[in-house]
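Remarks on the structure that follows.
The values are calculated or read from the model by the stated rules, or taken from the named source; none is laboratory data. All of these numbers come straight from a predicted model, not from anything done at the bench. Every residue, glycine as well, gets a Cβ built from its backbone with ideal geometry; the counts of neighbours run over all protein chains shown.
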Amino acid sequence: MRLRNTILLTLAFFLGLSALLLAQARRENADVAVVANADVPVDNLSIFEVRHIFRGEKQYWKSNLKVVLLVPPEGAHERDVMLNVVYRMSESEYKQYWIGRIFRAEAISAPKTAESSATAKDLITRLSGCITLMNAGDVRPGDKILRVDGKAPGDKGYPLR
C-alpha cells in the first residue's frame, strides 16, 4: 500500500511538473501583443512606428495625447521580444540608451516597468495614452490590441515573436 501511494505521488508530481514546463514553453513561444489604452487613436502600427514609440521618439499620439510607455519586467518573454525585435539591443544597451536620452534632456525618465502582467493589465486600462507589450495569451477580452504591419498576434508573419 505504501509503495503504491509513493508511486502514485511520484507519478502525479512528474505529470504536474511536465504540465508546468509545457505551459512555460508555450508562453515563451507566444506572440507578444501591442496593447493600448482605449483612447489611443490608432489601430495599426508599422514595426518602424512601434520602434519609434518605444524608443521615446514619439511622445504624443496624433490627438496630442501623451504617449505613456509601460515595459515588461526583466526576465519576461515579452521583455526579450521588446529588446530583440523592437529595440534591437541587449538589456545593458537598453539601460544605457535611456540614461543617454535623460542626460541629453530628450526624456524626463525611462519608461515605467510593469511588475507583472496583472499590473500591466490594470495600468493599460487606467492610464490614458498608455501602450505596452504583453503576452497575447494574457490579453483580456475588450483590451485594445494594435495590429503590427496589418497583422494581429497569431497571424502568419506577425513580427513580435
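What the table shows:
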| quantity | calculated |
| --- | --- |
| Selection status of Lys156, in the same structural domain as Trp61 (by TED's automatic domain parsing), farther than 17 Å from Phe48 by Cα and basic (Lys, Arg) | no |
| Strands (runs of 3 or more DSSP E) lying entirely in segment 58-161 (those with 2 or more residues that are touching a Pro at 6+ places or on another chain (Cβ under 6 Å), touching a residue at least 24 places away in the same chain (Cβ under 8 Å) and surrounded by 12 or more Cβ atoms within 10 Å (Cβ to Cβ)) | 68-71 |
| Complete set of residues in segment 13-47 that are modelled with pLDDT of 95 or more and hydrophobic (A, V, I, L, M, F, W, C) | Val32, Ala33, Val34, Val35, Ala36, Ala38, Val40, Val42, Leu45, Ile47 |
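Results for (1) in contact with a Leu (Cβ under 8 Å, 6 or more places away or on another chain); (2) among the aliphatic types (A, V, I, L, M), shown as yes or no for each residue.
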site	(1), (2)
Asn44	yes, no
Ile53	yes, yes
Glu57	no, no
Tyr60	no, no
Asn64	no, no
Val68	yes, yes
Val71	yes, yes
Gly75	no, no
Tyr87	no, no
